[in-house]
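Coordinate-derived values only; no laboratory data. Remember, predicted model here, so these are calculated numbers, not experimental data. Glycine also receives a Cβ, built like all others from the backbone with ideal geometry; neighbour counts cover every protein chain displayed.
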Amino acid sequence: MIPFQYVRPKQQKAAIDALARDNNAMFIAGGTNLLDLMKRYVVVPQKLVDINQLPLHNIEQLNGGIRIGALVTNTALAEHKLIKEKYPLLSQAVVSGASAQLRNMATVGGNMMQRTRCYYFYDTALPCNKREPGTGCGALDGVNRMHAIFGFSDKCIAVHPSDMSVALAALDATVQVSGPKGERSIAFTDFHRLPGEQPEKDTNLHKNELITSVFIPDAPFARNACYLKVRERASFAFALVSVAAALDISNNSIREARLAMGGVAHKPWRLFKAEKTLKGMPVSEASFRQAAAVAMEGARAFEHNAYKIKMAPETIVHALKTAAGIV
Ligand code: SF4
């Protein structure tokens, strides 16, 4: 392990200043991904700014929605009464991620900031444009069974690993951040980036910005929601494909739908066009199959992940049927 400085500020401004003072500093909260990355020399920060003492641990009911502090643990989030009642989709998504031990440590902000689990990214002997820009993408012509079918570039075909973020993207959440230039709010669907020419950048955070909270607006999706994750074992496995589905149903007709997929792109993949397709349609498997077909437009597979092209629409249909209670 390479030596690094460690500071533990108690105030937000002090944390941001501590980060900004050092070009190679990083925030640490639960550390469930960052410490793995450091042990493998994938990232080598000279300073860690431990933010665990900042007052960002609360979940609050506000006018028009719920604010979740960035340091709320995944366990506290999934088990919170308000989240279970109003956003069961989010609770289901969080519980489907990682293991109980990791969820006890991992935070909301850290979950959003976790890096891809692409094997090449974690092996410093192999080429990876995300870890070391300009070295090439090992997965493009290598082992790519876990990789993207949407939104990739010739520089990177990795997927984002978070389940929680898929649900938050579907629920129209916004991310509050604070930095040297003040505070701002980012739509959750704009928080993570597609790889394009700069796969080393996972998010649209500006330099030295800190995630402070996530806001989820009130929405009528508590009754009919389902997070369905297809994975290789029942726990502690990343999604091959996952679907966050939420419906507002009246008289067997769909008033509104929210749909997003995980395991298929470099960011949570919101299915806006499929949502529009569902609006006004009857609750039926035929409607859901039509939406799934729309959702899959533009999908493209690599050598080892063609199974996702078949798996994804079936997962969408099954998640929508479960959300609607017609399984
Ligand atoms: Fe690196 Fe992305 Fe290629 Fe994986 S897919 S090797 S993360 S550039």
Jot down the radius of gyration and Dmax of region 140-212, Cα atoms only, both in angstrom.
14.1, 43
Tilt of helix 285-295 relative to the longest C-alpha principal axis of the chain, in degrees (0 to 90, nearest 10)?
40
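Before anything else, pin down the relative contact order of region 172-217: Cα pairs under 8 Å, at least 6 apart, normalised by residue count, whole percent.
Relative contact order, region 172-217: 50 percent.
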Counting alpha carbon pairs within less than 8 Å and at least 6 residues apart, what relative contact order, in whole percent, applies to region 236-327?
29
Show that you can apply the helix-only estimate: for the chain, add -39,500 (n - 2.57) for every DSSP H stretch of four or more residues, divide by all residues, and state [θ] at 222 nm to the nearest 500.
-8000 deg cm²/dmol
Need the C-alpha centroid separation for region 184-219 versus region 56-124, integer Å.
15
Considering the chain as a Gaussian network with a 10 Å cut-off on Cα pairs, which listed residue, 234, 29, 246, attains the greatest mean-square fluctuation?
234
Residue 297/residue 36 FRET efficiency (R0 30 Å; Cβ-Cβ; nearest 0.05):
0.25
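Averaged over every viewing direction, what's the projected area of the C-alpha convex hull for the chain? Give it in nm², one decimal, please.
16.1
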Grab the alpha carbons of region 224-324, take their convex hull, and tell me the volume per residue in Å³.
90
Given pairs 84/279; 13/201; 10/267 and cut-off 29 Å on Cα-Cα distance, the over-length ones are 10/267
Looking only at region 119-135, which residues have a backbone nitrogen under 20 Å from a spot 7 Å from the Cα of residue 197 in the C-beta direction?
128-135
